[in-house]
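Since the structure comes first, as structure tokens, the remarks are kept for the end.
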Amino acid sequence: MTHNVCLVRGDGIGPEIAEAARRCLDAAVATTEGASPLKWTIAEAGVDVMETAGTPLPNATIEAIKQADACIKAPITTPVGKGFRSVNVHLRQSLHLYACLRPCKSYPGVRSRYKDIDLVVVRENTEDLYAGIEFQHGTEEAGKVIDAINALSTGNKIATSRKNTGISIKPISVEGTERIVRFAFEYARANGRKKVTSVHKANIMKFTDGLWLEVSREVAKGYNDVEFEDRIVDNMCMQLVQKPELYDVIVLPNLYGDILSDLCAGLIGGLGVAPGANIGDDGAIFEATHGSAPKYAGLNKVNPLALILSGMLMLRYIHEGSAADRLEQAVAAVIAESRYVTYDMKPNRDDPTAVGTREMADGIIRKLQGKD
Ligand code: NAD
């Protein structure tokens, strides 16, 4: 048996860290008794392929992802305010990847103000202010939306001039909320987690976040073995900074999830070590939390760990738990020893003993092979 895995190489630093992750994952399964090998399909997306294919997301890439058992995707540049719309958002929507999973775990040796963090952020991926329903200020459409809202609203009206108001719509549905909160509880159960915290601003946005909270409470009733609580998002930010040990699995609507997952990545030492996954009922894409860092492209300099740890999550997803455990141990050992780590993991960023992307992967592979 083999696992069919699609590797999307991305752009910027993407191809370098994709190659590092692929080599580490191959080594993890090759050195684990009973693990099945990975059969790779390499696919392209992003600004590099845009020039030849005329699109940053060729159909062949979407098809390759659909055909695979799982996909690892390196970062892709989203030009600000011009060019193509985000490939990442497009992929999540077209493949119905409704759950964004971001485990945040401390590894000794990573510089951070906090120790022993072990949190999992579950972010809803398809609704909320990220749904992409927006009306530009000054357009006829925005004017019509404002008129409609003012005609329908029995309470507050949009008071500013029609010309100067942009509108973003925040849809939150019963089905979307139920699906993601259930995902969080199922994840908690399957991974021996004790508690799910649902985050919202239900005191202010009664018909969106209020609905989210109501549905969260309903879903929680079906999981008596997992503790449930809720927090208002601003309080949650403060609590995470002051008492992160109180939290376990945190489930959030899209926008709060986006913000708090970076906050949690900060607790464990930053984006360089924060893995992630976007998961739906029929597929999953595993990707680092960080972006394509274009200024470091081609320099063999950046830290490949976030994508390697995303690959570790993928191994768990395809039921290669032993290989995932061994890969995580190898990564933890390399970090703790601090010999084969990139510049960002050294106390001094100019440390001449820092190694490159490729050499850090080599260090992890040697651990897996028992050669170091
Ligand atoms: P970024 O994460 O690419 O880089 C910010 C800074 O973080 C870098 O300058 C670098 O100092 C550091 N950094 C990032 N990754 C690192 C690594 N692996 N090792 C060491 N240091 C690292 O964020 P940005 O500059 O805001 O975004 C660049 C592009 O990436 C944008 O176009 C953005 O839209 C895109 N992006 C893509 C994804 C994705 O594909 N999932 C996610 C976030 C951002």
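The values are calculated or read from the model by the stated rules, or taken from the named source; none is laboratory data. Being a predicted model, the structure only gives us computed values, none of them experimental. Positions of Cβ are generated from backbone atoms using ideal geometry, with glycine treated the same way; all protein chains shown enter the neighbour counts. These area figures cover heavy atoms from the full protein model, side chains too; ligands, DNA and RNA do not enter into them. Shrake-Rupley method; radii C 1.70, N 1.55, O 1.52, S 1.80 Å.
Observations on the model:
Residues checked against (1) more than 7 Å from the ligand (Cβ to nearest atom); (2) more than 21 Å from residue 268 (Cβ to Cβ); (3) under 16 Å from the mean Cα position of the chain (by Cα); (4) not in a helix (DSSP H, G or I):
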residue	(1), (2), (3), (4)
295	no, yes, no, no
301	yes, yes, no, yes
307	yes, no, yes, no
311	yes, no, yes, no
314	yes, no, yes, no
319	yes, yes, no, yes
322	yes, yes, no, no
325	yes, no, no, no
328	yes, no, no, no
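- Check on residue 101, of a type in the set (A, V, I, L, M, F, W, C), touching a strand residue (DSSP E or B) at 6+ places or on another chain (Cβ under 8 Å), closer than 25 Å to residue 16 by Cβ and at pLDDT below 90: no
- Of residues in segment 245-264 being under 18 Å from residue 192 (Cβ atoms) and acidic (Asp, Glu), the one least open to solvent (accessible area, probe 1.4 Å): 248
Each row is one residue, and each column tells you yes or no for (1) over 18 Å from the mean Cα position of the chain (by Cα); (2) farther than 23 Å from residue 294 by Cβ.
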residue: 7; (1), (2): no, no
residue: 18; (1), (2): no, no
residue: 36; (1), (2): yes, yes
residue: 41; (1), (2): yes, yes
residue: 47; (1), (2): yes, no
residue: 67; (1), (2): yes, yes
residue: 73; (1), (2): no, no
residue: 98; (1), (2): no, yes
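- Residues that are within 17 Å of residue 170 (Cβ to Cβ), assigned to a helix (DSSP H, G or I) and open to solvent by 70 Å² or more (accessible area, probe 1.4 Å), drawn from segment 148-159: 152
- Flag for residue 267 being in contact with a Leu (Cβ under 9 Å, 6 or more places away or on another chain), open to solvent by 20 Å² or more (accessible area, probe 1.4 Å) and among the aliphatic types (A, V, I, L, M): no
- Helices (runs of 4 or more DSSP H) (entirely within segment 171-244) containing at least 3 residues that are open to solvent by 40 Å² or more (accessible area, probe 1.4 Å), of a type outside the set (Phe, Trp, Tyr) and under 26 Å from residue 281 (Cα atoms): 174-190, 209-220
- Tally of residues being open to solvent by 10 Å² or more (accessible area, probe 1.4 Å), of a type in the set (Gly, Ala, Ser) and within 16 Å of the ligand (Cβ to nearest atom) across segment 1-45: 1
- Residue satisfying condition, being at pLDDT 95 or above and within 22 Å of residue 29 (Cβ to Cβ), within set 368, 260, 299: 368
- Whichever residue in segment 111-127 is over 30 Å from residue 89 (Cβ atoms) and basic (Lys, Arg) and, among such residues, is least open to solvent (accessible area, probe 1.4 Å): 111
- Qualifying residue in segment 331-339 (condition: without any contact (Cβ under 8 Å) to a residue 24 or more places away in the chain and open to solvent by 20 Å² or more (accessible area, probe 1.4 Å)): no
- Residue that is nearest to residue 91 (Cα to Cα) [pool: residues in segment 281-293 that are in a loop (DSSP other than H, G, I, E, B) and more than 6 Å from the ligand (Cβ to nearest atom)]: 283
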